[in-house]
1. Between Leu137 and Ala41, what is the spin-label point distance in nm, taking each point 7 Å from the Cα along the Cα→C-beta axis?
2. For the chain, give the magnitude of the charge dipole about the Cα centre (Cβ charges: +1 Lys/Arg, -1 Asp/Glu; no others), in debye to the nearest 20.
3. When the C-alpha atoms of region 93-185 are aligned to their principal axes, what extent does each axis show, in angstrom, from largest down?
4. Relative contact order for region 60-113 using alpha-carbon pairs under 8 Å, separation at least 6, rounded to a whole percent?
5. Just want to confirm a number: the relative contact order over the chain, from Cα pairs under 8 angstrom separated by 6+ residues, in percent.
6. Relative contact order (percent) for region 137-221, with alpha-carbon contacts under 8 angstrom and 6 or more residues of separation?
7. What is the spread of the Cα atoms of the chain along each of their three principal axes, largest first, in whole Å?
8. Based on DSSP H runs of at least 4 residues, each adding -39500 (n - 2.57), what is the mean residue ellipticity at 222 nm of the chain after dividing by all its residues, to the nearest 500 deg cm²/dmol?
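Every number here is computed from the coordinates shown, using simple stated rules; none is lab data. None of these values were measured; they are calculated from a predicted model. Every residue, glycine as well, gets a Cβ built from its backbone with ideal geometry; the counts of neighbours run over all protein chains shown.
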Amino acid sequence: MSDPTPQASGWQPPPEYRQPPRHELAYWLAPRTSAVVPIEAGSALRTMAQNLGARRGAASVPVGLGIALACAALTNLFTSDALPGALPWMLLASVVLAGLGQYFWRRVNSSTPKPSHVSTMHASRSVAGGWAMAVLLGVPLCAIAHLVLVSQFDGTVQGALAYAGYQLALLAGITSVFFLPGYFSAHSRRDLRRHIAGNPRVRAEVEELSRSWVDPVGTMSFGPL
């Protein structure tokens, strides 16, 4: 019986265990290379793109919520005769949320995405899905807000501005939570190309990874993107 070990002359691993060929990063990034490989086919670069999109989507949520809170606070400031005690806390929370989002956004854009899978939670992974979730949950919330706001404000200009401001703040919060993650996920491959092209350090790290990549759990290739 022949020796099945790698030391045996002429031994080759079974096809399912053979690692795919390696190429330079420019080859994997070429649109022509990506076009001939179905999007359903996985690669390390496509996993990196998914991770970049998920992290950018997560960083955009607190920024959007901070803007929504600021909009609500400013609406109250300019349309209410009495300043509520919650106004300073709303402004502080909006600054903290926006600051955290900017901090995470800078970290995402200064680092190299990992080729290992990460959890995307339950966020949408497409623009259409993001819009669908925003509409599905946003319409009932806006309807509830309409009932509350109509009962509180009269038909004056000040009341109309207050109504529009609070509804705008609610829409901004809904959009940031449901639409933005889907948007960044849907454009993750485009954003990874720009991320690599715009950051020499990231490009050097990805270039080195393209030469040394070995799938730790299978035979997935490094590219294409």
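1. Here the modelled spin labels are 3.6 nm apart.
2. Rounded to the nearest 20 debye, it is 540 debye.
3. 56, 28, 15
4. 52 percent
5. 41 percent
6. Averaging sequence separation for qualifying contacts and normalising by length gives 17 percent for region 137-221.
7. Computed over the Cα atoms, the extents are 91, 33, 32 Å.
8. Value at 222 nm, helices only, nearest 500: -21500 deg cm²/dmol.
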